[in-house]
Amino acid sequence: MKELSPLACALFLALVGFQAEAQIVTNPLPGRVIVKLIPDYLRAVVYALNAPNSTSPGTLLALNPTNGSVLNEITVGVNPTDMTVTPAGDSLYVINTGSRTISKVDLASFTVTSSQPITTPSTYSLSNPLYLTANNAGTIYITDGAWGPEIYQFTYTNDTEVMVLNTGGNQSSGAGGLVLSRDGSTLYIWQQYG
């Protein structure tokens with residue numbers, strides 16, 4: 001998994017907090033391995049996903065978009081590799097590769113409200129990153145970490161998982177990453193193999 005450099009983090013924070021002109025702010029986050037940053041379009045916050053290693057619980061940080069300071073930090077599952085905010089902006093989901101769970105975070109209170117287990121039957125390696133995207137109704141689409149990652153639809157409220165795109169598992173190209181259209185009607189992916 002590729003780590004974001006301090007310069008990339010600073011540039012992202014500067015662009016999210018863009019006012020009249022971009023400014024670069026550097027804020028070291030010692031002891032953390034930031035694997036993803038996403039903005040909150042309803043609140044003045046940037047979320048950073050910290051995955052310190054493949055066997056320890058990770059954390060979700062809320063950062064000030066203008067100066068990069070840590071506003072809050074909460075623990076999620078083991079080895080988180082991706083996160084997504086629902087289109088309504090009320091919840092954030094984190095997929096935890098090490099614990100094979102999805103954590104749901106209420107953004108108003110910035111607390112983990114629940115965690116659901118997932119299965120990844122075609123996983124090539126338990127250390128391969130998993131990715132996700134979600135709609136407002138609690139439907140989450142996840143990749144399974146196969147050599148040719150397959151896509152599953154996971155209904156968070158009743159813990160139901162169904163394959164929606166069988167790419168052949170280890171035999172062909174699969175989904176490397178995914179995103180839903182704003183209305184949740186179209187799933188976009190980029191393809192990868194290996």
Every residue from the range 47-98 that is surrounded by fewer than 21 Cβ atoms within 10 Å (Cβ to Cβ), polar (S, T, N, Q), closer than 15 Å to residue 128 by Cα and touching a residue at least 40 places away in the same chain (Cβ under 8 Å) | 54, 55
Could we say that residue 122 is crowded, with 16+ Cβ neighbours inside 10 Å, over 27 Å from residue 42 (Cα atoms) and touching a residue at least 40 places away in the same chain (Cβ under 8 Å) here?
-> yes
Quick count over the range 103-151, residues being at pLDDT below 90 and aromatic (Phe, Trp, Tyr), is 2
Being closer than 27 Å to residue 147 by Cβ and not aromatic (Phe, Trp, Tyr), is that true of even one residue in the range 70-77?
-> yes
Please note which strands (runs of 3 or more DSSP E) are completely contained in the range 98-163 and include at least 3 residues that are more than 17 Å from residue 176 (Cα to Cα).
-> 101-106, 111-117
In the range 168-194, residue nearest to the chain's Cα centre (by Cα) [restricted to those that are among the polar types (S, T, N, Q) and at pLDDT below 75] | 192
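Condition check ((1) hydrophobic (A, V, I, L, M, F, W, C); (2) in contact with a strand residue (DSSP E or B) (Cβ under 7 Å, 6 or more places away or on another chain)) across all residues:
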residue: 94; (1), (2): yes, yes
residue: 103; (1), (2): no, yes
residue: 115; (1), (2): no, yes
residue: 125; (1), (2): no, no
residue: 135; (1), (2): no, yes
Members of the range 137-158 that are within 11 Å of residue 184 (Cα to Cα) and over 16 Å from the mean Cα position of the chain (by Cα) | 137
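The values are calculated or read from the model by the stated rules, or taken from the named source; none is laboratory data. Quantities reported herein were computed from a predicted structural model and do not represent experimental measurements. When we count neighbours, we look across all protein chains shown, and the Cβ atoms used for this are built from the backbone with ideal geometry, even at glycine.
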